Amino acid sequence: MSLFHCPLCGRPLKDEANTLSCPSGHSFDRAKEGYVNLLPVSRKNSRMPGDDQGMASARRAFLDRGWYAPLRDALCQLSAELAGPSPTVLDAGCGEGYYTAGVQDALASAGKTARMAGVDISKFSVRKAAKRYKNIEFAVASSYRLPVADHMVDLLLNVFSPLALDEFRRVLRPGGVYLYVVPAAMHLWELKEVLYEHPYPNEEKETLYPGFTYDRIVPVDRVIRLPAQADIHALFQMTPYYWKTPKEGAARLAALETLDCRTSFRIHVFRRM
């Protein structure tokens, strides 16, 4: 059986060859890369929702260089510490699977047998994830309508992705762990100083969401030196700033050969009540 449930009727999906099907007769073919599209056309907000191919490729190139490895390592350490011996893990907004795969490897190294899945609304991102990480189940789906049964998930990852609280409460079992990664106040400050005349810090707050208890907040801070324009551009293109920056700011960034930049993350650790 697949970890995913039918997005149309909510019934379990059975994996048969290259097709997922439910008892109601709904079926979904696997793409050649291995993922399945569980985002009904009626729920799309555009023809190609989510990150486009350029953004997905830029993020893959940037993450492959290891610039955000400290964040992945922190997520791996927390996951290995907090997950049970046989956890069901869902990465909501998995992108290209960088953190999903890292957590899976960490759980295996800790002697735990995890059932892993990732969803993202971007087909381009999920395609890259499924092509590289064959032992993880990936689907195109919205975090606001997760194709997962109630109380099925032990560990939920949410890295820079929409805060779909109602769905997260629904799919997490009581006592399940929710790891929520957000940018801290000074994240990418030096990049923003180049792009904008008057940059401002990100808002930081501690919000106790209904249905959850706070465990802790884990800071992950580091200064990275990007040694080439290709690295600088990859970082720029994978951020929302790529679509919001005036031409003058983008030109200033394109003229740089190197960039020293702060990366600053906060991992909010919650438990489902």
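Observations on the structure shown:
- Any chance Leu82 is of a type in the set (A, V, I, L, M) and more than 18 Å from the chain's Cα centre (by Cα): yes
- Strands (runs of 3 or more DSSP E) within region 94-207 that include 1 or more residues among the small types (Gly, Ala, Ser) and either at positive phi or without any contact (Cβ under 8 Å) to a residue 12 or more places away in the chain (or both): 172-183
- Candidates Thr245, Thr239 - the one that is under 20 Å from the mean Cα position of the chain (by Cα) and among the β-branched types (Val, Ile, Thr): Thr239
- Restricting attention to region 39-66, the residues that are of a type in the set (D, E, K, R), at pLDDT below 95, over 17 Å from the mean Cα position of the chain (by Cα) and not in a helix (DSSP H, G or I) total 2.
- Here Leu20 qualifies as over 17 Å from the mean Cα position of the chain (by Cα), of a type outside the set (S, T, N, Q) and outside any helix (DSSP H, G or I).
- Boolean, Glu137 is among the acidic types (Asp, Glu) and either at pLDDT below 95 or under 30 Å from Leu256 (Cα atoms) (or both): no
- Checklist (1) at pLDDT 95 or above; (2) touching a helix residue (DSSP H, G or I) at 6+ places or on another chain (Cβ under 6 Å); (3) outside any helix (DSSP H, G or I) applied to Pro210, failing item: (2)
- Unique residue being in the same structural domain as Ala117 (by TED's automatic domain parsing) and not basic (Lys, Arg) when the list is Tyr200, Tyr214: Tyr214
- Residues being free of Cβ contacts under 8 Å to residues at least 24 places away in the same chain, assigned to a loop (DSSP other than H, G, I, E, B) and not charged (D, E, K, R) - total across region 23-38: 4
- Every condition in (1) under 15 Å from the mean Cα position of the chain (by Cα); (2) in a helix (DSSP H, G or I) is met by Leu90 except one, and the failing one is (2).
The values are calculated or read from the model by the stated rules, or taken from the named source; none is laboratory data. If you're wondering where the values come from, they're calculated on a predicted model, not measured in any experiment. All Cβ positions, glycine included, derive from the backbone under ideal geometry; neighbour counts span all protein chains shown.
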